[in-house]
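For reference, the structure is listed below as structure tokens.
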Amino acid sequence: SATRVPHRRPRSPDTESPQRGPRLASPRHRTSIYNVPVKAWDAIIVGGGVIGMSLALSLRRHGAQVLVVERGEPGREASYAAAGMLADLDPHTPETLRTLAVASARLYPEFVHDVEDESGMRVDLRDQGTIYFPDPNAALGAIAAGMTDGEQLRSLEACLSYTGVAVYLKERSLDPRALQTALLKAARHRKIEIASGSPALKLLVNGGLVEGVATAKTEFHAPIVVNCAGAWASEFGVGSVPTRPVKGQMLALIAPRRDLLRHVIRAPEVYLVPRSDGRILVGSTLEDAGFDKRVNPATIQRLHQKAADLVADLGQARMLEAWAGLRPGTPDDLPILGRGEVDGYFLATGHYRNGILLAPITAELMTQLIRGLPAEFDLGAFAPARFH
């Protein structure tokens, strides 16, 4: 069911090879036309963000030899720019996606435990919850039972200047940059190889079967290729992949004191996400600006002022940094999960504003699909074929 918490996975040493799907296993080497040995992997993941690295680790735990091909520095795009709210109860989440969102949020403690255990790092998973100030036109549905008044708000967060109608949501948050760093360290521990600095340009296909990917510099060979390239997913592979970049500008403030804010605060025009080290993230915009990641000072100033409207003490808070990221949007705001048009080609991209939240469930479901096992959830609504 969507609400179950899985039992802890056994830790298999890298030499073990549990049961795999029919095409996950491949020879360690193949021979080129010049009769020279060419290294091959079981699976190639195109894209080294949180989605791609989570899937790479999941496949590796099931015995696959995995290569990650990343156009730049792993995890420095949407994953690096994200706020890290695990907002499975957000009323703006499309209803079609809600089951996966809730299931993924329930997987998160186990997911984080595994990553922290294998990397030796902490990812600042916080469970203090969210104070949500709804848009007047929002359909609150089942969460309306969590409505709180001004006195209750002050007991939750004494620093709040704004005391309108609010809802308390039992959600978590984490630091996506710390998560990405931990995923990379865990990947190295698991001997996952990473080829960075050159984008995948072409899917190699022979006789209707995937054989790997080509970059401007070289070719990599595997019978399984998964497109996890985020906003760049449409530039690689076969078939229609209508992802587009959706720009979001954010800033980070240094709180006057570390315990100023404990909860995530979400209001119609701004959100605040506290970190355990005293930083408070303020975001974010939704802009169709192509691949432009420039920061607009006026926009950042407006976000800072909106933060101060919620918490007056943030008005004089020092800004640590400002940045912009590119979320991978799709025409229906739903992720693209499933088989591509060629045998051995899969897609796990287009997660839009929910990439961090959906990483655990995406990794689990795509691993089941790639291994030829029955998927726990029906992925029909997210299938790539819906755009054909």
Report summary line: Quick count over the stretch 202-221, residues being open to solvent by 80 Å² or more (accessible area, probe 1.4 Å) and outside any loop (DSSP other than H, G, I, E, B), is 3
Query raised in the report: Looking at the stretch 232-247, which of the residues that are crowded, with 18+ Cβ neighbours inside 10 Å and assigned to a loop (DSSP other than H, G, I, E, B) is modelled with the highest pLDDT?
Result: T243
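For F291, are the conditions met, namely being at pLDDT 95 or above, in a loop (DSSP other than H, G, I, E, B) and either out of contact with any Cys (no Cβ under 7 Å at 6 or more places or on another chain) or open to solvent by 20 Å² or more (accessible area, probe 1.4 Å) (or both)?
Values: at pLDDT 95 or above: yes; in a loop (DSSP other than H, G, I, E, B): yes; either out of contact with any Cys (no Cβ under 7 Å at 6 or more places or on another chain) or open to solvent by 20 Å² or more (accessible area, probe 1.4 Å) (or both): yes.
Judged against the criteria, F291 is a match.
Surrounded by fewer than 17 Cβ atoms within 10 Å (Cβ to Cβ) and on the phi > 0 side of the Ramachandran plot: which single residue out of G338, G380, G372 fits that description?
On the way: G338 fails: surrounded by fewer than 17 Cβ atoms within 10 Å (Cβ to Cβ); G380 fails: on the phi > 0 side of the Ramachandran plot.
So the residue among G338, G380, G372 that is surrounded by fewer than 17 Cβ atoms within 10 Å (Cβ to Cβ) and on the phi > 0 side of the Ramachandran plot is G372.
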Query raised in the report: In the stretch 149-156, is there at least one residue being surrounded by fewer than 17 Cβ atoms within 10 Å (Cβ to Cβ), modelled with pLDDT of 90 or more, in a helix (DSSP H, G or I) and of a type outside the set (A, V, I, L, M)?
Result: no
**Report entry** One residue from G248, G283, G237 being touching a Phe, Trp or Tyr at 6+ places or on another chain (Cβ under 7 Å), closer than 27 Å to L125 by Cβ and not β-branched (V, I, T)
**Finding:** G283
Query raised in the report: Is it fair to say I254 is open to solvent by 20 Å² or more (accessible area, probe 1.4 Å) and either under 30 Å from E116 (Cα atoms) or not aromatic (F, W, Y) (or both)?
Result: yes
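Results for (1) in a strand (DSSP E or B); (2) closer than 19 Å to R177 by Cα; (3) acidic (D, E); (4) touching a His at 6+ places or on another chain (Cβ under 6 Å), shown as yes or no for each residue.
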position	(1), (2), (3), (4)
G48	no, yes, no, no
R60	no, no, no, no
V68	yes, yes, no, no
E73	no, yes, yes, no
L89	no, no, no, no
T93	no, no, no, no
R98	no, no, no, no
P109	no, yes, no, no
D114	no, yes, yes, no
Report summary line: When (1) open to solvent by less than 60 Å² (accessible area, probe 1.4 Å); (2) over 20 Å from T181 (Cβ atoms); (3) modelled with pLDDT of 55 or more are applied to G21, the one that fails is (3)
Query - Within the stretch 174-201, tally of residues that are open to solvent by less than 40 Å² (accessible area, probe 1.4 Å) and either assigned to a helix (DSSP H, G or I) or touching a helix residue (DSSP H, G or I) at 6+ places or on another chain (Cβ under 6 Å) (or both) - result: 11
Report summary line: Of (1) open to solvent by 20 Å² or more (accessible area, probe 1.4 Å); (2) modelled with pLDDT of 95 or more, E171 satisfies every one except (1)
Query - Checklist (1) more than 22 Å from the chain's Cα centre (by Cα); (2) closer than 30 Å to N227 by Cβ applied to Q316, failing item - result: (2)
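The values are calculated or read from the model by the stated rules, or taken from the named source; none is laboratory data. Here the structure is a predicted model, which means the values were calculated and not measured. Methodologically, a virtual Cβ is constructed for each residue, glycine included, from the backbone with ideal geometry; neighbour enumeration extends over all protein chains shown. In case anyone asks, the SASA skips ligands and DNA or RNA and just uses the protein heavy atoms, side chains included. Shrake-Rupley method; radii C 1.70, N 1.55, O 1.52, S 1.80 Å.
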